[in-house]
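Just below is one structure, and these are the notes that go with it.
The values are calculated or read from the model by the stated rules, or taken from the named source; none is laboratory data. None of these values were measured; they are calculated from a predicted model. Because the Cβ atoms are built from the backbone with ideal geometry, glycine has one as well, and the counts that use them run over all protein chains shown. Keep in mind that these areas ignore ligands, DNA and RNA; they rest on the heavy atoms of the full protein, side chains included. Shrake-Rupley method; radii C 1.70, N 1.55, O 1.52, S 1.80 Å.
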Amino acid sequence: IRDFQIEGMSIGDSALDYFNESDINNATDSNYYKNKEYVYYLFWKFPSLEVYDSVQVTFKPDDKNYTMHAIDGAIYFKDNIKDCYKEQDKIKNEMDKIFKIKAVKGSGKHPAYKTGNSTYKRFRYNLSEGIAEIICYDMDEKLGPRAWDALYVTLKSSEFDSFITNEAYK
């Protein structure tokens, strides 16, 4: 997992190698996950982003090194899930060559939105030290203008994946 990058960032890197503390404190959005074990920061249209519309980095709030446990790159598709799926397929084909393992396909309802009208389609690579995913979210239009369909390429440490799967949305 450490060999794969999103906008040059890898799991285990310090966020301070890419953002200064002022950038982090002034991120577009930040929030704690349930029980405040992890905190994420969203950088929307950050000047150094070349591929993604936004990048979200996650680390433990008491970690002075800002060691990244998750990195998400997002490309937004305003009410255009078909283009999201096309881009997802392109990235999956590239990742299949890189990882040389079969992706686990999945789909379901977005766990953070209880209406059940927001869904996802995912390809997940279970790697030795973490997880890589390519996810298209088909968002409920009733959620408003910030709820665009989106493609996420996600890297997660095994520790954070266990937390997000078993604790974050329960």
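Could you order GLU37, GLU133, GLU141 by accessible surface area, starting with the largest, using a probe radius of 1.4 Å? Numbers along the way, then the final one.
Working: GLU37 65, GLU133 5, GLU141 135 Å².
Accessible-area ranking of GLU37, GLU133, GLU141, largest first: GLU141, GLU37, GLU133.
State to the nearest 20 debye the size of the charge dipole of the chain about its Cα centre, where the only charges are +1 on K and R beta carbons and -1 on D and E beta carbons.
Computed about the Cα centre, the dipole is about 740 debye.
Taking all protein chains in place and a 1.4 Å probe, what share, in percent, of the accessible surface of the chain do carbon and sulfur account for? Could you put the intermediate results ahead of the total?
Working: 4290 of 9460 Å².
It is 45 percent, rounded to a whole number.
Provide the packing ranking of 64-70, 81-87, i.e. peptides ordered by the mean count of other C-beta atoms within 10 Å per residue, highest first. Mind showing how you got there, number by number?
Values: 64-70: 18.0, 81-87: 15.6.
Result, highest mean first: 64-70, 81-87.
Given VAL51, SER118, HIS69, which one lies farthest toward the positive end of the charge dipole of segment 27-170, if we put +1 on the Cβ of every Lys and Arg and -1 on the Cβ of every Asp and Glu?
Result: SER118.
Averaged per residue, what accessible surface does the chain expose to a 1.4 Å probe, in Å²?
Working: 9460 Å² over 170 residues.
It amounts to 56 Å² per residue over the chain.
Before anything else, pin down the relative contact order of the chain: Cα pairs under 8 Å, at least 6 apart, normalised by residue count, whole percent. Please report the intermediate quantities before stating the final value.
Values: 326 pairs, mean separation 36.2, N = 170.
Result for the chain is 21 percent.
Do any of LYS60/LYS92; LYS97/LYS142; LYS82/LYS109; LYS64/LYS100 go past 27 Å between their Cα atoms, and which?
Working: LYS60/LYS92 29 Å; LYS97/LYS142 38 Å; LYS82/LYS109 18 Å; LYS64/LYS100 35 Å.
As for pairs spanning more than 27 Å Cα to Cα, those are LYS60/LYS92; LYS97/LYS142; LYS64/LYS100.
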